[in-house]
Amino acid sequence: MRKHLALKVGVLLSLIFLLVAVFGWDLLSDMRHLQQEAAVVENSNHQSHDLHAIEMGVYRNIKVVNDFLITGDHRSEGVFHQYQQKLVQMIEQYEITYQDSSLSDLMQSVKNIKGIAEKVFVLPFATENMEGPIFIDEIATEAKQAVEHLTRKHHALDEQVNRAMQMMAGLRMDMRQETVALMLVLLLSLGFLAYFIYNQIVHPLVQMKKAVQRVGEGNFDVHCAVVSDDEIGELAKAFNTMGEALQEREQKLNRIRSLAAHQEKMNALSVMSASLAHEVGNPLASVGMLLHMAKRKLAQQDTQAVASHLDSAVKETERMELIIQTVLDFGRHEFDMRFHAFAVRSVIADAVKLGQMSPQHKRVVIQVNEDSNMPLVYASSSMLMQVLMNVIHNACHACRESGEVHIQTIEQGGHIVIDVCDTGHGIEQAMRKSIFNPSVTTKEKGEGTGFGLAISKELMDAMHGTLSLLEDAGHGTCFRISVPIAHQGKGIT
């Protein structure tokens, strides 16, 4: 079953969520228990406060009875009943609020104190009244029982608070440990998720981006590693398939370009055919004459003259061989598509020689101005030869039987720039924008196909160079050829 990237990420996120939920649930449970214990402590504190108020009420009632025995003020009876009623209300409110019915003994003691106090209030005021102290002792006994009951309640509440505080301390420790564990789980989970996303998504996409950039630079022989069988892997496979298709298309275009350029060569050779016979005929006639003269000198046994005539014949033969070899090299069907480092001087020299072979170009003066220290270029010499030959041939044709062609070579911005300018009739302004389109020509019908400049521009684009028409500076036409310079490690070792 093919694994999907979204499913992988979903499973990882689900695992992280599950781990967080487990630790988070324990943490929330401890927090809930901590709140419960805190509520117990708060409730116990309120109970203790209320019990203390009840205890103070008991002592306040006893004090009113003692004051009556000392002062004999009968207003104390009203104050006692007021305090007594308030004390009873406090006890009843306590039982209702805390749902605690364990204060029944305390209520009975309070009622007993009230009964004894009523006996005291009916006694006549006398300093040596012996019944008063007896009643006071009885009230003290009842008060002692009430206070003991309240003390037991206080102790029970204190124990309850202590237990709650211990529980809260344990819960806080558990919460700290669970929080640390949760943070560690989160950090580890998020770290693994980040590693997975980088390794399975980000890194393959970065590599794919670099591969796309290389394809954009014209290098179709690239391959992306297929590291998974998910969408990223499918994308890498699709990219590899696209690269193979582009490479095959580029090979087909190169073959078509080669055939078109060869056809243009054949057209140029057909124009040069008459001149070729003339170029070879003159040296051949000279060779025949020199051999004839050497034969006569040989009969006269003039060996020195024979040797001189033979040397001259050999030179003329070598000149014919060079002419024929240049034409043969130019007329080859296949281009050398491999790029290498070479000097443009020799290519320009061969192109000039071929350009002047046409009979109508003999009177055109071609001047070459180049620097002897020009760096090497990185391109295809045969493709550059085709472009130069086409541009020079067009320049000579524009000059007709008179005029000049100037070739200037300079180094500019990491390229060797070759300007080929003529003093011919120039190109009309309306035609300048479409001069590199197929079937566009300034020549008369039957003199050109209109594909030469279009093919030349295609060849320069394939070599990562340029072919452009410079702005018209007046009379004539100027084309600029720009070829990349060979850098260290690129065609040069």
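The values are calculated or read from the model by the stated rules, or taken from the named source; none is laboratory data. Keep in mind it's a predicted model, so treat the numbers as computed, not measured. As a convention, Cβ positions derive from the backbone with ideal geometry for all residues, glycine included, and neighbour counts pool all protein chains shown. Note: accessible area is taken over every heavy atom of the protein model, side chains too, but ligands, DNA and RNA are not part of it. Shrake-Rupley method; radii C 1.70, N 1.55, O 1.52, S 1.80 Å.
Going by the structure shown, is LEU34 modelled with pLDDT under 85 and surrounded by 12 or more Cβ atoms within 10 Å (Cβ to Cβ)?
No, not satisfied.
Select from the range 398-419 the residues that are touching a residue at least 24 places away in the same chain (Cβ under 8 Å) and in a loop (DSSP other than H, G, I, E, B) and write down the one among them that is nearest to the chain's Cα centre (by Cα).
By that ranking, first place goes to GLY414.
Could you please find all residues in the range 372-423 being among the β-branched types (Val, Ile, Thr) and open to solvent by 20 Å² or more (accessible area, probe 1.4 Å)?
The answer is ILE410, THR423.
Can you name the number of the only condition in (1) in contact with a Cys (Cβ under 9 Å, 6 or more places away or on another chain); (2) at pLDDT below 65 that ARG332 fails?
(1)
Kindly list, by first and then second residue, each pair from a residue in the range 423-450 that is at pLDDT 70 or above to a residue that is surrounded by 14 or more Cβ atoms within 10 Å (Cβ to Cβ) and charged (D, E, K, R), limited to pairs with Cβ atoms under 9 Å and residues at least 6 apart or on different chains.
THR423/GLU404; GLY426/ASP472; ILE427/ASP472; GLN429/ASP472; ARG432/ASP472; PHE436/LYS457
Residue pairs, Cβ under 7 Å, 6 or more apart or interchain, first in the range 233-246 and at negative phi and of a type in the set (Phe, Trp, Tyr), second part of a helix (DSSP H, G or I) and surrounded by 15 or more Cβ atoms within 10 Å (Cβ to Cβ). List them.
Taking only residues 6 or more apart or on different chains, the pairs are PHE239/MET208; PHE239/ALA211.
So, SER14, is that one hydroxyl-bearing (Ser, Thr, Tyr), surrounded by 12 or more Cβ atoms within 10 Å (Cβ to Cβ) and part of a helix (DSSP H, G or I) or not?
no
Mind counting the residues in the range 46-87 that are in contact with a Gly (Cβ under 7 Å, 6 or more places away or on another chain) and either more than 18 Å from LYS111 (Cβ to Cβ) or open to solvent by 50 Å² or more (accessible area, probe 1.4 Å) (or both)?
The number of residues fulfilling the criteria is 3.
Residue by residue, here is whether (1) under 60 Å from the mean Cα position of the chain (by Cα); (2) farther than 21 Å from HIS33 by Cα holds:
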position: SER109; (1), (2): no, yes
position: GLY115; (1), (2): no, yes
position: LYS119; (1), (2): no, yes
position: GLU138; (1), (2): no, yes
position: GLU142; (1), (2): no, yes
position: ARG152; (1), (2): no, yes
position: GLN160; (1), (2): no, no
position: MET183; (1), (2): yes, yes
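Residue by residue through the range 93-118, note down the ones that are among the small types (Gly, Ala, Ser), in contact (Cβ under 8 Å) with a residue 12 or more places away in the chain and exposed (fewer than 14 other Cβ atoms within 10 Å of the Cβ).
Matches in the range 93-118: SER102 only.
Checking GLU131 against (1) open to solvent by 90 Å² or more (accessible area, probe 1.4 Å); (2) within 19 Å of SER48 (Cα to Cα), which single condition isn't satisfied?
Every condition holds for GLU131 apart from (2).
Quick check, is LYS8 open to solvent by 30 Å² or more (accessible area, probe 1.4 Å), in a helix (DSSP H, G or I) and modelled with pLDDT of 85 or more?
no
Hey, any hits in the range 463-481 for a residue that's modelled with pLDDT under 75, surrounded by 19 or more Cβ atoms within 10 Å (Cβ to Cβ) and aromatic (Phe, Trp, Tyr)?
No, the conditions are met nowhere in the range 463-481.
If I filter the range 22-40 for residues that are in contact with a Ser or Thr (Cβ under 9 Å, 6 or more places away or on another chain) and over 30 Å from GLU159 (Cβ atoms), do I get at least one hit?
So far as the range 22-40 goes, yes, one or more of its residues are in contact with a Ser or Thr (Cβ under 9 Å, 6 or more places away or on another chain) and over 30 Å from GLU159 (Cβ atoms).
Return a yes/no flag: does the range 175-183 have any residue that is within 30 Å of HIS52 (Cβ to Cβ), open to solvent by 50 Å² or more (accessible area, probe 1.4 Å), part of a helix (DSSP H, G or I) and β-branched (Val, Ile, Thr).
For the range 175-183, residues within 30 Å of HIS52 (Cβ to Cβ), open to solvent by 50 Å² or more (accessible area, probe 1.4 Å), part of a helix (DSSP H, G or I) and β-branched (Val, Ile, Thr): absent.
Quick check on this structure: which one of VAL212, VAL271 is at pLDDT 75 or above, open to solvent by less than 90 Å² (accessible area, probe 1.4 Å) and not aromatic (Phe, Trp, Tyr)?
From the options VAL212, VAL271, the qualifying one is VAL212.
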